[in-house]
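FYI, it's all coordinate maths here, none of it is from the lab. Remember, predicted model here, so these are calculated numbers, not experimental data. Quick reminder, even Gly has a Cβ in these numbers, built from the backbone with ideal geometry, and neighbours come from all protein chains shown.
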Ligand code: FAD
Ligand code: SF4
């Protein structure tokens, strides 16, 4: 009888040390991880993202070896690295005389299809296994909203709370409400000091040198001797602990606030650790819930905890479900037929608009922006300016530490660009300077004036906002959440309307100069 030799593939975002695969030692199994150009080059990534993924993969491979597992790790500069999954897998199968191939279910559509094709073309048996990471199954959201035009996060979230008994008491939501948004979402007023972001001091210098020497094109900057992101489970747990102790108490209150005083405020910055699966979403939720009881100090108010749980149990799982319900058609959606190029300052931060400058500069420096910066600053501007959603998508997919297509594309094309025509959001998330002024201190440092609508110093968001509504009237006027803005427009004097349209036209013709 031939001896069984199994090859198990682990992708860079499958670093789940608590997976059942790793619970026992099996000498028949070799684990394969690879750094390949296929993955570094499908979009131009932030240097911190490439370094972070590779550092976390290497650390995971070390942990596997130290635990006694057999590991084959292909580095980017290994001479026999073929730089794509198929060739590398076939080569290892040949050299190690493998007779069975196993892999974990990929979260990205392109890899799901690719690995399915590879596995079915191999002359040996193969099996795909769940990553044991998400709370829902891939198709649960699709089934729940079967035959419905819209996917409603709120109904999904309530079902998740009931099904998993989270923040529920006797069948009712804890605190008597499903949602505490009305008490949350304040502007940051400076009353509460913002703790400095919890950062690590990982030295990734050799890794960065290797990435540069192999010619991988990247964006953004990095301090390789002080790499700030968690690269293993221990660090990810430390980040989680720091979050629930110092930031969770104000998470809900300031979740929509933006300030030049801090690039991450009270946000958790856990998305990279979650998306690489170093942390499980349920352990993150339970770490937050433990703060509600008062047994672990400090005790945190329910509105803060609910605001956070909603992001993980609600939004994160929901977005993933929509991805699997809508791909691959979603990638091509462009409801408004937008065609403009992405302005150059998305790559440099060099603009006179203070809000854009701040959000883009911190993205280039830290590979991070929090949700409202992504949605209401850079996303809002791209939508108002009529930028082609393909270009917007590529930017978001490249620049953020946590950007993996399953979560990036639904947030970008759907939530932010409304390119899906309303599958995920009930209205386009657009605003003039009013909202930005209300939720941030950006306007205090700006060349433009938030209060001026036309002229050289007029905030570009103001005229672009009305221009967007006018251009897309046929698609939006009947939307109950935005339709009333057309009545405000009708009440404006015709010469004011004309001046706004002319101002917007000038802005759109000279987007790069703003
Ligand atoms: P926190 O504010 O602390 O929230 C806690 C966690 O909740 C996050 O870590 C994340 O896992 C989850 N979460 C919160 N909002 C969302 C959401 N809308 N969708 C899914 N999960 C959510 N998130 C990504 O992980 N990867 C992306 O590529 C990504 N691209 C985005 C693009 C746009 C245009 C927008 C508007 C949002 C995007 N998001 C993305 C969602 C969200 O902005 C980030 O998850 C969040 O900013 C990460 O920072 P944090 O960990 O500090 O989050
Ligand atoms: Fe942004 Fe306009 Fe405020 Fe300047 S004035 S920070 S461009 S919203």
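Note on region 138-153: residues that are within 15 Å of residue 312 (Cα to Cα) and free of Cβ contacts under 8 Å to residues at least 60 places away in the same chain amount to 0. Flag not set for residue 230, criterion: within 16 Å of ligand 1 (Cβ to nearest atom), more than 15 Å from residue 52 (Cα to Cα) and either surrounded by 20 or more Cβ atoms within 10 Å (Cβ to Cβ) or more than 22 Å from the chain's Cα centre (by Cα) (or both).
Applying the criterion of being touching a strand residue (DSSP E or B) at 6+ places or on another chain (Cβ under 7 Å) and in a helix (DSSP H, G or I) to the residues of region 126-182, the residue that is surrounded by the fewest Cβ atoms within 10 Å (Cβ to Cβ) is 162. Scanning region 422-435 for residues that are touching a residue at least 12 places away in the same chain (Cβ under 8 Å) and either surrounded by fewer than 24 Cβ atoms within 10 Å (Cβ to Cβ) or within 11 Å of ligand 1 (Cβ to nearest atom) (or both) yields 422, 423, 424, 426, 427, 429, 430, 431, 432, 434, 435. Here residue 123 clears all of (1) under 16 Å from residue 275 (Cα atoms); (2) part of a loop (DSSP other than H, G, I, E, B); (3) over 19 Å from the mean Cα position of the chain (by Cα) except the condition numbered (1). Scanning region 406-421 for any residue that is more than 10 Å from ligand 2 (Cβ to nearest atom), surrounded by 22 or more Cβ atoms within 10 Å (Cβ to Cβ) and more than 25 Å from residue 319 (Cα to Cα) turns up nothing. So residue 221 ticks every box in (1) over 30 Å from residue 169 (Cα atoms); (2) in a helix (DSSP H, G or I) but one. Which box is left unticked? Evaluating residue 221 over (1) over 30 Å from residue 169 (Cα atoms); (2) in a helix (DSSP H, G or I) leaves (2) as the failure.
So that you can scan it fast, the table gives a plain yes or no per residue for (1) surrounded by 19 or more Cβ atoms within 10 Å (Cβ to Cβ); (2) under 20 Å from the mean Cα position of the chain (by Cα); (3) without any contact (Cβ under 8 Å) to a residue 60 or more places away in the chain; (4) not in a helix (DSSP H, G or I):
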{"site": "296", "(1), (2), (3), (4)": "no, no, yes, yes"}
{"site": "300", "(1), (2), (3), (4)": "yes, no, yes, yes"}
{"site": "307", "(1), (2), (3), (4)": "yes, yes, no, no"}
{"site": "310", "(1), (2), (3), (4)": "yes, yes, no, no"}
{"site": "316", "(1), (2), (3), (4)": "yes, yes, no, no"}
{"site": "320", "(1), (2), (3), (4)": "yes, yes, no, no"}
{"site": "330", "(1), (2), (3), (4)": "yes, yes, no, no"}
{"site": "345", "(1), (2), (3), (4)": "yes, no, no, no"}
{"site": "365", "(1), (2), (3), (4)": "no, yes, no, no"}
